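I have placed the structure first, in the form of structure tokens, so that the comments after it can refer back to it.
The values are calculated or read from the model by the stated rules, or taken from the named source; none is laboratory data. Computed from a predicted structure; not experimentally measured. Ideal geometry is used to build each Cβ from the backbone, glycine not excepted, and the neighbour counts take in all protein chains shown. Ligands, DNA and RNA are stripped out before the accessible areas are found, and what is left, the full protein with its side chains, is counted by its heavy atoms. Shrake-Rupley method; radii C 1.70, N 1.55, O 1.52, S 1.80 Å.
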Amino acid sequence: MSESTEKIIRSEADWRKMLSPEQYRVLREKGTERAFTGALTENHETGNYHCAGCGTLLFLSGAKFDSGCGWPSFMIPADSTAVEEHEDHSWGMHRIEVTCAKCGGHLGHVFPDGPQPTGLRYCINSASLTFEKEKKG
Ligand code: FE
């Protein structure tokens, strides 16, 4: 993975062309997919989770755990520079939003109720991710 911190900037019209309506709603409009509806929530395959907007490697299957919350949950990002965290006071709650550092796409939120050793739960929309299964051999 490149160490480049160069951001990807695209017009909302371009994003709309590139992404599915659901990906656009989540990544660009900070939407949330309904719990237990995402394609990757119950995925237990070994492999890598990339940003659906820009392809950046975001999470590894080894950090995924069954949180029971209805969204893919990870203990830690693949790289601390891959994601950015922001204070989010929307909907009368105080949460920490997680975005892709490269393209700014909304991924989900991080909560302090995950398993040790990180104690964190990165609660991420399936629509924000693409999964690349590890190739065998
Ligand atoms: Fe991205």
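Pairs exceeding a 26 Å alpha-carbon distance, out of 64/102; 64/136; 17/135; 30/102; 64/135: 17/135.
Stretched out straight at 0.36 nm per residue, the stretch from residue 32 to residue 17 would grow longer than its current Cα-Cα span by 3.4 nm. Along the chain, the exposed loop sites are GluC sites (Glu not before Pro) outside DSSP states H, G, I, E and B with at most 15 other Cβ atoms within 10 Å, and the longest stretch free of them is 46-133. A Förster radius of 30 Å combined with the Cβ-Cβ distance from residue 87 to residue 8 puts the calculated FRET efficiency at roughly 0.85.
Using the Cβ of residue 83 as centre and a radius below 11 Å, the other residues enclosed give a net charge of -3, where K and R count +1 and D and E count -1.
Here the ratio of the Cα radius of gyration of the chain to 2.2 N^0.38 Å is 0.99.
At a probe radius of 1.4 angstrom, the accessible area of the range 12-133 per residue rounds to 49 square angstrom.
Couplings for the range 111-117, taken from phi via the Karplus curve 6.51 cos²θ - 1.76 cosθ + 1.60 with θ = phi - 60°, read 10, x, 10, x, x, 5, x Hz in order; Gly and Pro are left as x.
Looking at the range 72-137, the trypsin sites (Lys or Arg not before Pro) that sit in a DSSP loop and have at most 16 other Cβ atoms within 10 Å of their own Cβ are 135, 136.
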